[in-house]
Amino acid sequence: MAPPGILTGDGSATLFHREVGEHYHSLSGAHLEARYRFIEPCRVARTALVRGQVRILDIGFGLGTNLGWAIHDIQRKAPGAAIEIVSLERDLLDEEQLKPFFRALPEARLSVMLHHLVDQRRWIEPGLRLTLMVGEAEQLIDTVEGRFDAVFLDPFSPKRNPGPWRAGFLRAIRNRMVEGGILSTYSSARRIRLSLLRSGWQIGLGPAVGMKSSGTVASAGLVQPPLPPLDEKLQRKLARQVNSGQEEDQR
């Protein structure tokens, strides 16, 4: 049977949001993007293994792909570690729309968890706690408690959904991070990188996924190993703009 939605390059599927005018995932691969754009760069399995626990802020629940793969990867690589994920979503799809995407995750039990999460907004079991909050991220963030080890910044683009990309929101996230916490996003826009720098983040080069350009990673303080560096010329230009207060259009 053909997968639902729009087939992407890795054989997994995504959806096109007609009102927003964008796909939920890279057409290079929905599952590929979850794993290599968000989960690996944020080092969540490593954190869970070293500390015995990890706390993730998932901005843009979407089709549940990032969240589902994060649970799978952490529990496989750091068995027994405690996982907590808080996911924010502006436009939550109904369960019937989400069902085929939950079923496409690597374990059947993940589908059960996410259905319950969408229905009840919480899933709690020993070693795993999930919370789903529905509304505008920049308003919800004020009600989110505790500190996070990682952030998956995956809303629709700054042009279509500007709120989660603004400096005030990025600063609010930064204030909720543990020292050395990591954020990863698909955006390489200069304006977004400037906003991250002005909000107290240190930034580096995110991974390229398929045919998509490299994204951006950011850390709350120093991390080891260091974030992959941006091109030196670009770093100098960003530093000058941060110091001067100059901004450029999003791209």
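The values are calculated or read from the model by the stated rules, or taken from the named source; none is laboratory data. Treat the numbers as computed from the prediction; the structure is a model and nothing was measured. Ideal geometry is used to build each Cβ from the backbone, glycine not excepted, and the neighbour counts take in all protein chains shown.
Which one of L57, L67, L98, L49 is touching a residue at least 60 places away in the same chain (Cβ under 8 Å), of a type in the set (A, V, I, L, M, F, W, C) and in a helix (DSSP H, G or I)? So that I can check it myself, show each step before the final result.
On the way: L57 fails: in a helix (DSSP H, G or I); L98 fails: touching a residue at least 60 places away in the same chain (Cβ under 8 Å); L49 fails: touching a residue at least 60 places away in the same chain (Cβ under 8 Å).
Being touching a residue at least 60 places away in the same chain (Cβ under 8 Å), of a type in the set (A, V, I, L, M, F, W, C) and in a helix (DSSP H, G or I) holds for just one of L57, L67, L98, L49, which is L67.
In this structure, is R166 more than 19 Å from R55 (Cα to Cα), out of contact with any helix residue (DSSP H, G or I) (no Cβ under 6 Å at 6 or more places or on another chain) and touching a residue at least 24 places away in the same chain (Cβ under 8 Å)?
Values: more than 19 Å from R55 (Cα to Cα): yes; out of contact with any helix residue (DSSP H, G or I) (no Cβ under 6 Å at 6 or more places or on another chain): yes; touching a residue at least 24 places away in the same chain (Cβ under 8 Å): yes.
Yes: the conditions hold for R166.
Consider only pairs whose beta carbons are under 8 Å apart and that are at least six residues apart or on different chains; among these, list those whose first residue lies in segment 109-120 and is within 12 Å of E95 (Cα to Cα) and small (G, A, S) and whose second residue is assigned to a helix (DSSP H, G or I) and modelled with pLDDT of 95 or more.
S111/K99; S111/F102; S111/R103
Within 15 Å of the chain's Cα centre (by Cα) and among the aromatic types (F, W, Y): does that describe F101? Break it down into steps so the answer makes sense when it comes.
Values: within 15 Å of the chain's Cα centre (by Cα): no; among the aromatic types (F, W, Y): yes.
Considered against the rule, which asks whether it is within 15 Å of the chain's Cα centre (by Cα) and among the aromatic types (F, W, Y), F101 comes out as no.
Looking at segment 8-27, can you tell me whether even one residue there is of a type in the set (G, A, S), over 23 Å from I85 (Cα atoms), assigned to a loop (DSSP other than H, G, I, E, B) and without any contact (Cβ under 8 Å) to a residue 24 or more places away in the chain?
For segment 8-27, residues of a type in the set (G, A, S), over 23 Å from I85 (Cα atoms), assigned to a loop (DSSP other than H, G, I, E, B) and without any contact (Cβ under 8 Å) to a residue 24 or more places away in the chain: present.
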